[in-house]
Amino acid sequence: MSDKKPISSVNDFVVRFANVNGSGSASANEMFARAILRHGVPVSPRNIFPSNIQGLPTWYEVRVTEAGHLGARGGVDMMVAMNPQTWDKDVAGIEPGGYLFYDSTKPMPSTKFRDDITVIGVPLTAITNSTYTDPRQRQLFKNIIYLGALSALLEMDPRLIEQLIGEQYKGKEKLLSSNVHALHLGRDWALQNLKCPIGLRVKKSDKVGDRIFIEGNSAAALGAVYGGATVCAWYPITPSSSVAEAFTAHCKKYRHDPETGKAKYAIVQGEDELASIGIVIGASWNGARAFTATSGPGISLMTEFIGLSYFAEIPAVIMNIQRAGPSTGMPTRTQQCDIIACAYASHGDTKHVLLFPEDPAEAFEFAAAAFDLAERLQTTIFLMLDLDIGMNHRLCRPLKWDDAKQYDRGKVMTAEMLEEGRDFGRYLDVDGDGIPYRTYPGTHPTKGSYFTRGTSRDRYARYSEEGSVYADNMQRLVRKFETAQDLVPRPLQANAERPTKYGVIYFGSTSPAMDEAIGLLEERGHQLDRLRIRAFPFHSSVASFLAEHDFVYVVEQNRDSQLRQLIVNENGIDPVRLVPIVHYDGTPITARYIAKAIGDHQDHLKVTPLRKAVS
Amino acid sequence: MTYIAKPKFHHPGLKKNELGYTHRDYEGKISTLCAGCGHDSITASIIEACYELSIEPHRVAKISGIGCSSKTPDYFLGNSHGFNSVHGRMPSVLTGANLANRDLIYLGVSGDGDSASIGFGQFAHSIRRGVNMTYIVENNGVYGLTKGQFSATADRGSKSKKGVTNTDNAIDLVAIALQLGATFVARSFSGDKSQLVPLIAAAIGHKGASFIDVISPCIAFNNHAGSTKSFDYVREHNDAVNRLDVLVGRDPIAVDYAPGTVQVVEQHDGSKIALRKIDADYDPHDRLGAQTFLAKHAAKGQIVTGLLYVDPDADDLHAHLNTVETPLNTLEADTLCPGSAVLDKINASLR
């Protein structure tokens, strides 16, 4: 008997599915999230999975959020506990007044439950075993059966789920009908045996609008297609593999010559990350738009080549889908922990351009823009996603493309320009922006050829170990990086309703949680101006923002507050004025966490000074 | 790599090829390698092969890794783009360059340290992918730039200049290339220009991965008693399936003798070598036969030279990937970008 009133909430709750990896639950769980979307209610799902194939625990969390909060909330209102191994932890994670949904085929001792939650048992195994004989069918349809039962408990429209099943199994009538049958098995059992609906309910709404539901990795891959990437070299590594796989799928669909059937792209699965970035650099040196996708360990392996790209000034695009490090770390958990490693990758003095998209829509835009930037700046561009954006479906604005757009191929000297007698020095800064002209191999029989090397050379690409020549080159590279400030996406600022001395800086996948946290902080009486950084090098508005506030919180998902370090390093600011707010357990940062951390600090700032108290 | 460019003047009566280019048009900067280095002889052979093939010099992309051998692209085809990348990674850079523009000729120059040690993986994978290239290893069995350490092609039991005995087995890059499916496999000797030039020319003409391992004595660190990559050792242990002509600089020596016979030729320095023209029964189209032949002679401590295997019907990575004939680096937004209408449909499918 519950000693806490059951949670009652319409279109605002969190359901978490606890499953065993390899049990085939992912499809049913994702269908649950999509079905809610079809009700016009925004959802924010997150896949929390282990770094193995079968047997270990996996969770899928769906935040139902009519208010449109797309960050993780924290806490679970309903646990669908399908994994005996994690039972105790799963039950403990339910919010007071929440719900526990479980397979009641086998009786459980009362000690396994809590008094302050509502327990809902459905004999899933018994239902499946009485209907199916094939073991795999039993496993798979059990998932659809619990989806059916949930649809009754949450008062969902079964027709919308049937519609989804129809889309998923289009042309496979047998699978379609058997899935619909399983859905109704669970739904009917719940309607007949349980009190439906419960306090958590899904009600049709119109809050989704024209938004789309897509994974960041897929959107970034599509951005590469639209951005004109023709060469992709990659090596499988979680959580980035789906970028290259999606790029392959998109290219197969959109990049074949209609007359010959031939491919307008080349994709190579390299033997390792070193080869992958080497292929990218070779292709870019020769004038193709090329990229690779990887994660932290891959970046480590690529750093020698990244230094070459910087020093020899060869375009390259690297999509880094960050995961928890260092070393192997937690390969399937999210973090924003490669900021420093990427910003200064390789030996010697280097600085690299980083782009920080907040969601799949920006992942698409920034991925496409990365190729323009790489060619304009002739250097490596990092697209810094993370697992939370990359591998989770995220609701975002529709992807947009301007058909009038032409690719910015940067400063390329053609045969005609050489014929005109233009002075070609590969490392000549003719425009004062630090960016030299390059020629593609094969351009002209007698003019414009040069030797690309990682060793020092003069403005005409002639090998030189003269100190002044080296320093001249390094200074020009700094000028080029300064030029990049105005080419990369600018930070976006949003001010509090009232003037405030406090600000907060954040970036990337933290964005939705931060947006929500601002509301929670306002409820506590704290006003903060916000600055979302979207790229490194930092635009001058970052320095202005720092100057305008007494304290600026820097919210990020790593231990050492790496963005804060970068800001301090690049702006020469007193570190005391930048307050780190860090979250690094591998789960996505939540609004609750941010609001508590900043709120507590703000409360502390408002403590009456001691001298006043004693006077 | 040098500060010193070659003088631009040349004799007006220099012989010209079909394109009207002279040898000088295929040269690069003055070599800064040690006088007598076998690598310079390979450079000369590359120049000769490109001249004979009447290749437009600027249509060649010459790519290397790091090391003495990898410096050499600066010394030939001065009007070509060169790329001295990072140690052992020439194959990946070349692969990428080739994917970007299939219309150029790709010369990959590497060394034994570059290809058999740090770059062994990249060597193997570029070969198995069938990248259309001529991959030349200038093989001296030693790290020259770092002053004399063994490389992975140094024979077991051979000695370094400091007297250290190599206890590791050697990697035979030719055997590996054959095993990996290279469609053109050859070995030669840097001083044997008359053998090496046609091999390079044939490799350039071959569509697919062409691999030539060129034994190239290091005059500074691996030309001593105890080395199995010295001039003397190679002279004594050469068993050529085609023909052999060891040259230590100076003018080439012309020989004229019947196939299947052996002729002793006195060199400029007074040394004598035995030349053997290709065996009548050797079939360069038989991969298995080549592997057996190579293994048999390796067991005797002999170095087999010549064209060991060729598949005249080979194709390349572009064929495997079914890429368009137009070089990928020339494609622009109008042909690459699916456009906003397609994006609208994609958006609709994601709701």
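Annotated for segment B:1-157: lysine pairs at least 8 residues apart or interchain, Cα distance under 27 Å, count 19. Solvent-accessible area of A:His69, all protein chains in place: 60 Å² (probe radius 1.4 Å, heavy atoms, ligands and nucleic acids excluded). Evaluating 6.51 cos²θ - 1.76 cosθ + 1.60 at θ = phi - 60° for every residue in segment B:312-326, the Karplus couplings come out as x, 9, 5, 10, 10, 4, 4, 5, 5, 8, 6, 7, 5, 5, 5 Hz, glycine and proline recorded as x. Solvent-accessible surface of the protein assembly as shown, taken per residue with a 1.4 Å probe and all protein chains present: 39 Å².
So how far, in whole Å, is the C-alpha centre of segment B:161-192 from the one of segment A:349-365? Between the Cα centre of segment B:161-192 and that of segment A:349-365, the gap is 45 Å. Each principal axis of the Cα atoms in segment A:12-59 has its own extent, and those three values, largest first, are 35, 17, 13 angstrom.
Averaged over the residues of peptide B:195-207, the number of Cβ atoms from other protein chains lying within 10 Å of each residue's Cβ is 0. Here the sum of -39500 (n - 2.57) over DSSP H runs of 4 or more residues, divided by the residues of the protein assembly as shown, equals -10500 deg cm²/dmol at 222 nm, to the nearest 500. Peptide packing for B:330-339, B:47-56 was compared via the average number of neighbouring C-beta atoms within 10 Å per residue; ordered from the highest value, the list is B:47-56, B:330-339.
Give, to the nearest whole percent, the P(r) tail of the protein assembly as shown beyond 51 angstrom, counting all Cα pairs. Counting every Cα pair in the protein assembly as shown, those more than 51 Å apart make up 32 percent. Any lysines with Cα under 25 Å of the A:Lys106 Cα? List them, leaving off those in the same chain fewer than 8 positions away. Correct list for A:Lys106: A:Lys89, A:Lys142, A:Lys195.
Think of the protein assembly as shown as having a plus end and a minus end, set by charges on the Cβ of Lys, Arg, Asp and Glu; of B:Val304, A:Tyr169, A:Leu354, A:Tyr169 sits farthest toward the positive end of this dipole. Scoring A:228-238, B:209-219, B:32-42 by mean Cβ neighbours within 10 Å over their residues and listing the highest first yields B:209-219, A:228-238, B:32-42. Rolling a 1.4 Å probe over the protein heavy atoms of the protein assembly as shown, with every protein chain left in place, gives an accessible area that is 52 percent carbon and sulfur.
Counting only Cβ charges, +1 for Lys and Arg and -1 for Asp and Glu, the dipole size of segment B:1-135 around its Cα centre is about 220 debye. With everything on Cα atoms, drop me the angle between helix A:511-523 and the longest principal axis of chain A, reported from 0 to 90° to the nearest 10. So the inclination is approximately 60 degrees.
When its C-alpha radius of gyration is set against 2.2 N^0.38 Å (N residues), segment B:66-205 gives a value of 1.05. Placing pseudo-labels 7 Å out from each Cα toward the beta carbon at A:Glu548 and A:Glu416 gives an inter-label distance of 4.6 nm.
Compared with the dominant Cα axis of chain A, that is its longest principal axis, helix A:135-153 is turned about 80°. Only the Cβ atoms of Lys and Arg (+1) and of Asp and Glu (-1) were treated as charged; on that basis the dipole of segment A:17-158 about its Cα centre amounts to roughly 360 debye. Take the Cα of A:Lys195, step 7 Å toward its Cβ, do the same at B:Ala298, and the gap between the two points is 8.0 nm.
What you get for segment A:458-509, charging only the Cβ of Lys and Arg (+1) and of Asp and Glu (-1), is a dipole of about 260 debye around the Cα centre. Residues of segment A:297-316 with an amide N closer than 18 Å to a point placed 7 Å from the Cα of A:Gln269 along the Cα-to-Cβ direction: A:298. The simple spin-label model puts a point 7 Å past each Cα toward its Cβ; for A:Ser110 and B:Lys147 those points are separated by 8.4 nm. Close amide H contacts of A:Asp386 (hydrogens built in the peptide plane, cut-off under 5 Å, sequence separation of 5 or more or a different chain): A:Gln322. Scanning residues 5 or more positions from B:Phe76 or on other chains, those with amide H under 5 Å from its amide H are B:Gly28, B:Lys29, with H placed 1.01 Å from N in the peptide plane. On association of chains A and B, roughly 5400 Å² of accessible area becomes buried (total for both chains; probe 1.4 Å). Phi angles across segment A:166-179 convert, under the Karplus curve 6.51 cos²θ - 1.76 cosθ + 1.60 with θ = phi - 60°, into 3J(HN,Hα) values of x, 5, 5, 10, 4, x, 10, 4, 5, 5, 4, 5, 5, 6 Hz, Gly and Pro given as x. What the phi angles of segment B:66-72 give under the Karplus curve with 6.51, -1.76 and 1.60, with θ = phi - 60°, is a coupling list of 9, x, 4, 4, 6, 6, 4 Hz, glycine and proline written as x.
The values are calculated or read from the model by the stated rules, or taken from the named source; none is laboratory data. Being a predicted model, the structure only gives us computed values, none of them experimental. We place every Cβ from the backbone using ideal geometry, glycine too, and count neighbours over all the protein chains shown. Ligands, DNA and RNA are excluded from the accessible area calculation, which covers all protein heavy atoms including side chains. Shrake-Rupley method; radii C 1.70, N 1.55, O 1.52, S 1.80 Å.
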